[in-house]
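To start, the structure itself, in structure tokens.
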Amino acid sequence: LAVSELVTNAALHAGTDLVLQVSHVDGGTVRVEVWDASSVVPVIGRPGTVGGRGLALVELLSTEWGSEPAESGGKCVWCE
């Protein structure tokens, strides 16, 4: 569900090509990264009749999540 939400957010809000990367990090943790070409920083929205719940779900399902700017422009939104 967290992967689906991050990919959907990038597709809907960035409107650019995106890259999904899943990797194993220390201690059995799985890190999911979604890279896109938009520099707009994601924020947890207010749930409306449609949408606004994606990052809130990611926050609930993950031990950590965040975003960081990409060196070439755009950003990476990730969760573990």
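The values are calculated or read from the model by the stated rules, or taken from the named source; none is laboratory data. All values reported here derive from a predicted model rather than from experimental measurement. Note that we place each Cβ from the backbone using ideal geometry, even for glycine, and neighbour counts take in every protein chain shown. The area values use the complete protein model at the heavy-atom level, side chains included, leaving out ligands, DNA and RNA. Shrake-Rupley method; radii C 1.70, N 1.55, O 1.52, S 1.80 Å.
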*Of the residues SER39, SER23, SER62, SER4, which is among the polar types (S, T, N, Q) and touching a Cys at 6+ places or on another chain (Cβ under 6 Å)?*
SER62
_Can you list residue pairs whose Cβ atoms sit under 9 Å apart, with the first residue in segment 1-13 being more than 15 Å from SER67 (Cβ to Cβ) and the second being assigned to a helix (DSSP H, G or I) and among the aliphatic types (A, V, I, L, M)? Count only pairs 6 or more apart in sequence or on different chains._
LEU1/LEU57; LEU1/VAL58; LEU1/LEU61
*VAL32 versus (1) over 13 Å from the mean Cα position of the chain (by Cα); (2) surrounded by 13 or more Cβ atoms within 10 Å (Cβ to Cβ); (3) not basic (Lys, Arg): which is the lone unmet condition?*
(1)
*Can you pull out the residues in segment 14-29 that are loosely packed, with under 15 Cβ neighbours inside 10 Å and touching a strand residue (DSSP E or B) at 6+ places or on another chain (Cβ under 9 Å)?*
GLY15, THR16, ASP17, VAL19, LEU20, GLN21, VAL22, SER23, HIS24, VAL25
_Quick check on segment 40-80: of everything there that is surrounded by 11 or more Cβ atoms within 10 Å (Cβ to Cβ) and of a type in the set (Ser, Thr, Tyr), which residue is farthest from VAL19 (Cα to Cα)?_
SER62
*Is there any pair with a first residue in segment 27-49 that is within 20 Å of SER4 (Cβ to Cβ) and a second that is open to solvent by 40 Å² or more (accessible area, probe 1.4 Å) and of a type in the set (Lys, Arg) whose Cβ atoms are under 7 Å apart and which are 6 or more apart or on different chains, and what are they?*
PRO47/ARG53
